[in-house]
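Undergrad: Would you mind keeping the following structure in view while I ask a few things?
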């Protein structure tokens, strides 16, 4: 039987989410002929042993491949390695902490088949939805576009957006490979925005499907994570899209997302990456 969906997952020290992840795979297998491609990025917790045991319990109809990396490859590089092995018409990049059990995600799947990127709405563990899409940060009037997005989040329709978070991201395999996958300049974070940017440059759509959702815990960003994000944004602006990062810092400050002192602090930290 032809594989419809290739589920690609990168795991790193996420033992507490393995059970939920397996539940998501079983649920999706009821609606799609799927294969599962997983890479463990040199985890140091018990997650790898748990993952091996649980993957072995999946129905035989689900093709499973688990790669144990000796080093942490980062998210982008690991995803690209797995996508090169995928056979499905559509790729689903699914975080192990994203729980898919309420919806068959059929709209997301179909939009990806038609050549776009798509994502369901994301809900916290309290059932409340949170912003999982945004305008591109290099829009010159980013604060105004951000306000527009916040108003649109209340809409329950399928919306065409600039980019979506990669926690549960559907994309047509051939188009993903056509843009060379995720940009490996980004070790972690920002790769989803860069992918959407490459689609946008080719006039390929990106969709947020508000009628479908998955549970994905919204966690507090830690200082080291913020350092990584800040460094990635410098790469996005200066190295790839030739725009002034100083302008973006001003926009962030104006919309109150981060204080000026924090901006300077993270800038100094990011120089070490």
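The values are calculated or read from the model by the stated rules, or taken from the named source; none is laboratory data. Not measured: the values here are computed from a predicted model. Counting neighbours? That spans all protein chains shown, and the Cβs are built from the backbone with ideal geometry, glycine included.
Undergrad: Consider residue 45 carefully, then state whether it is farther than 15 Å from residue 65 by Cα and either surrounded by fewer than 22 Cβ atoms within 10 Å (Cβ to Cβ) or in the same structural domain as residue 171 (by TED's automatic domain parsing) (or both).
TA: yes
Undergrad: Anything in the range 164-217 that is assigned to a strand (DSSP E or B) and modelled with pLDDT under 90? List them, or say none.
TA: 210, 211, 212, 213, 214, 215
Undergrad: Mind checking which residues of the range 52-81 are touching a strand residue (DSSP E or B) at 6+ places or on another chain (Cβ under 8 Å) and closer than 18 Å to residue 33 by Cβ?
TA: Result: 55, 58, 62, 63, 64, 65.
Undergrad: I'd like the full set of residues that are touching a strand residue (DSSP E or B) at 6+ places or on another chain (Cβ under 7 Å), touching a residue at least 40 places away in the same chain (Cβ under 8 Å) and assigned to a loop (DSSP other than H, G, I, E, B), limited to the range 1-44.
TA: 3, 4, 12, 32
Undergrad: Output the residues belonging to the range 82-96 that are in contact with a strand residue (DSSP E or B) (Cβ under 9 Å, 6 or more places away or on another chain) and assigned to a loop (DSSP other than H, G, I, E, B).
TA: 85, 86, 87, 88, 89, 95, 96
Undergrad: To continue, here is another question. Any chance the range 53-63 includes a residue that's part of a loop (DSSP other than H, G, I, E, B), in the same structural domain as residue 189 (by TED's automatic domain parsing), modelled with pLDDT under 90 and closer than 21 Å to residue 216 by Cβ?
TA: no
Undergrad: If residue 71 meets every condition in (1) over 20 Å from the mean Cα position of the chain (by Cα); (2) more than 22 Å from residue 185 (Cα to Cα) apart from one, which number is that one?
TA: The one condition residue 71 does not meet is (2).
Undergrad: Here's another thing I want to ask about it. Those residues that are surrounded by fewer than 22 Cβ atoms within 10 Å (Cβ to Cβ) and in contact with a strand residue (DSSP E or B) (Cβ under 6 Å, 6 or more places away or on another chain), I need them from the range 174-197; list them, please.
TA: Across the range 174-197, there are no qualifying residues.
Undergrad: Which of the residues spanning the range 162-183 are within 14 Å of the chain's Cα centre (by Cα) and over 21 Å from residue 134 (Cβ atoms)?
TA: Correct list: 181 only.
Undergrad: Take the residues in the range 116-138 that are surrounded by 15 or more Cβ atoms within 10 Å (Cβ to Cβ) and in a loop (DSSP other than H, G, I, E, B), then tell me which one is modelled with the lowest pLDDT.
TA: Selected residue: 138.
Undergrad: Related question: Take residue 71 and tell me if it is surrounded by fewer than 15 Cβ atoms within 10 Å (Cβ to Cβ) and not in a strand (DSSP E or B).
TA: Yes, satisfied.
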